[in-house]
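A.B. asks: Got a structure for you, questions after.
Quick note: the coordinates plus some simple rules give every number you see, no bench work behind them. Quantities reported herein were computed from a predicted structural model and do not represent experimental measurements. Cβ placement follows ideal geometry from the backbone for every residue including glycine, while neighbour counts extend to all protein chains displayed.
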Amino acid sequence: MNSKTNKLFIFFFFAVQIILAQATFRTNVSKSKLGVNQRFRIEFEINAQGGDNFTPPNFSNFTVVGGPSQSVNQSWINGKSSFSQKYVYILQPKKLGTFTIGSATIEYDGNVLKSNPVKISVSKAVETPANPNDPRYIAEQNIHIVAEVSNTKPYVGEAITVVYKLYVSDKISVSDWRINNAIQFNGFWHQNLDSKNQQVQRGKYNGEDYRYVIFKKDLLIPQKSGKLFIDPIEMDVSVGVPTGRGDFFGNMITRNVVQQIKTPKRTINVKELPIADKPENFTGAVGDFTYKMTTNKRVLKANESAEIKVEVSGKGNLKLFELPKITTSDELEVYTPTHDEKVRTTTTGLTGKVSDTYVVVPEFKGKYKIPETSFTYFNPKDKKYHTITTEPIFIESLGGYANSVAQNPIESKKEDLASNENNFRYIGTKATFHKENASDFYGSKWYYILVIIPLLAIPIGIIIGNRKQARALDVEGNRLRKADRLAKKYLSEAKKQLGKKEEFYIALEKALHNFLKAKLQVETTDISKEKIAEILKSKNVETEVIKDFISVLDDCDFARYTPTTDVMMQQEFEKAKAIIIKLDKVL
């Protein structure tokens, strides 16, 4: 072998060694064809030590039901070493079709490596084999979730409740569960009901004895007629399945599996309110109500005002209709009413009262009439409209100027001026002054204190004025301080409830809706998150801020049913505060 051949051999030898030494990063899947109800394992593996900053691909068409988890394997065989590091996920497809999972990335030796993309074909659901020894089959047969609807044919505006129950057979055990999706109640006004007292109860499922727990309750009020849908709720449940074997002490050995279950899609057929005999003043009140108009004063002295209150109380859609408005004469000054709601949300609907309080101020003396008002509501029980008409209110003003409009004007009388010889007297033109104890104050300590104080006040006033001027010119600082005060105002109740999971997230969600209500002049609790996003987008709010806002609302829904900590609640509070400040800058 000549020298040229030797050099060529050495070149190829080192080239092969360099190629073998290069790091590879690849994607492996346990199966590429599966049913929509099945799961698969996906691994991202690098064969060299030192990989960092791993970034997974987008799993938008899949639900991550497990992971990420990491594993490292290093071995020596016949003097050769091997190394692999894996990042593992368990995925389940969301729908049928063929999907491509893109490349994951990882940094190695200053370079960014990409794994190979993979294709996954998803077909119709595959039936679980009826194997009585398969833990997943046992779990599927012994755990169920149902959504019980109180009324599937309500009227528009009539409240219904949805109660979610988890049924568990005595043959298995459950250690934990997690709700995977945020339910959208499109077409409904929605309010979550308190379900924190999740006590285990006994009941029947398909005629068999089961244990069950109520984990979620919602009050819904349909806002339009026709077919409305309640989307399924999906859950992952950790199930302990007995294996039929015992340990050394005779205790039953169980195998833990994660079972995914969901409710069927429910259809609600909403009836339109009767058109025949519908009064013109009907504003959408549905339920059973009483109505009254009252005043706190009927006789007013000078500079006094009266309060006129219109109030609806009872049971029904109390937050979703307009109250009657009062009418007055031009001689009464009427201020914008103060709205008040004292409403409780229960499994049977909204109960309590709502009111508008007007402040009226007479400009003249006399008696004034507040005309009668009428309130109309529809009662689903008797399927009829009912109208309540109040009596008029009379207010008498004793102060102010007389007015021809007033019924009891007070006439003034002129009196002649009586002349008297003492009306005009001699005015003195000289005065005599006497100096008394002049030395008591002049030269005293109080004299010098009062002289020095104005001299000291001048520089202090200049300093204070300069600071106020600098603060007034700090536009950005003033805006941030104002926004910070605004955020604290809306989030004050949520801050009080920190540490109490259910109360905190309810207060946080209410604070965000109240903020939007004040800024946008719309009742955001009546519309979906998608509609809120559209409104904010129309106000030129950045997409990232909108996503953060919707994300906090979603977190409020999820966190009520999943484990959380004080640290997580504090983080949500700070996130909500930052979002309110950002939104206030735009709105």
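A.B. asks: Can you pick out the pairs among Lys165/Lys319; Lys31/Lys537; Lys500/Lys539; Lys495/Lys519; Lys224/Lys539; Lys353/Lys501 whose Cα atoms lie more than 30 Å from each other? Before the final figure, lay out each step's value.
C.D. replies: Numbers: Lys165/Lys319 28 Å; Lys31/Lys537 41 Å; Lys500/Lys539 34 Å; Lys495/Lys519 21 Å; Lys224/Lys539 26 Å; Lys353/Lys501 28 Å.
Lys31/Lys537; Lys500/Lys539, as the Cα separations exceed 30 Å there.
A.B. asks: Output the peptides 377-387, 183-193 sorted from most to least packed, where packing is the average of other Cβ atoms within 10 Å over each peptide's residues.
C.D. replies: Ranking the peptides 377-387, 183-193 by packing returns 183-193, 377-387.
A.B. asks: Hey, rough spin-label estimate for Val72 and Arg202, points 7 angstrom out along Cα→Cβ, what's it come to in nanometres?
C.D. replies: Roughly 5.4 nm, to one decimal.
A.B. asks: Between Leu587 and Arg266, what is 0.36 nm times their sequence separation minus the Cα-Cα distance? Round to one decimal in nm. Don't skip to the answer; put the middle values down first.
C.D. replies: Values: separation 321, 0.36 × 321 = 115.56 nm, distance 3.78 nm.
Between Leu587 and Arg266, full extension yields an extra 111.8 nm.
A.B. asks: Something else now. Sequence neighbours fewer than 8 away in the same chain don't count; with that in mind, list the lysines whose C-alpha is under 24 Å from Lys445.
C.D. replies: Partners within reach: Lys435.
A.B. asks: Sorted by mean Cβ packing within 10 Å, highest first, what order do the peptides 448-460, 498-510 take?
C.D. replies: Top of the packing list down: 498-510, 448-460.
A.B. asks: Right, here's the next one. Taking amide H atoms as placed 1.01 Å from N in the peptide plane, list the residues 5 or more away in sequence, or in a different chain, whose amide H sits under 5 Å from that of Gly66.
C.D. replies: Amide H neighbours of Gly66, under 5 Å, 5+ apart: Ile90.
A.B. asks: Continuing with this model, one more query. Have a look at Gly366, Leu332, Tyr377 and report the one farthest towards the positive end of the charge dipole of the range 287-397, computed about the Cα centre with Cβ charges (Lys/Arg +1, Asp/Glu -1).
C.D. replies: Of Gly366, Leu332, Tyr377, it is Tyr377.
A.B. asks: With θ set to phi - 60° and the Karplus curve 6.51 cos²θ - 1.76 cosθ + 1.60, what are the ³J(HN,Hα) couplings of the range 87-102 in order, to the nearest whole Hz, using x for Gly and Pro?
C.D. replies: Values per residue, Gly and Pro as x: 10, 10, 10, 10, 10, 9, x, 8, 7, 6, x, 10, 10, 10, 8, x Hz.
A.B. asks: May I ask you to list the lysines whose Cα is less than 29 Å away from that of Lys171, ignoring any residue fewer than eight positions away on the same chain?
C.D. replies: Partners found: Lys196, Lys204, Lys216, Lys217, Lys262, Lys265.
A.B. asks: Which whole-Hz ³J(HN,Hα) couplings does the range 336-349 yield from phi under the Karplus relation 6.51 cos²θ - 1.76 cosθ + 1.60, θ = phi - 60°, glycine and proline marked x?
C.D. replies: For the range 336-349, the Karplus curve yields 4, x, 9, 8, 9, 10, 10, 10, 9, 9, 10, 5, 9, x Hz.
A.B. asks: Now for a different question. What's the magnitude of the charge dipole for the range 24-123 around its Cα centre, counting Lys and Arg as +1 and Asp and Glu as -1 at the beta-carbon? Answer in Debye, nearest 20. Please list the in-between numbers first.
C.D. replies: Numbers: 11 positive and 5 negative charges, 117 e Å.
About 560 debye.
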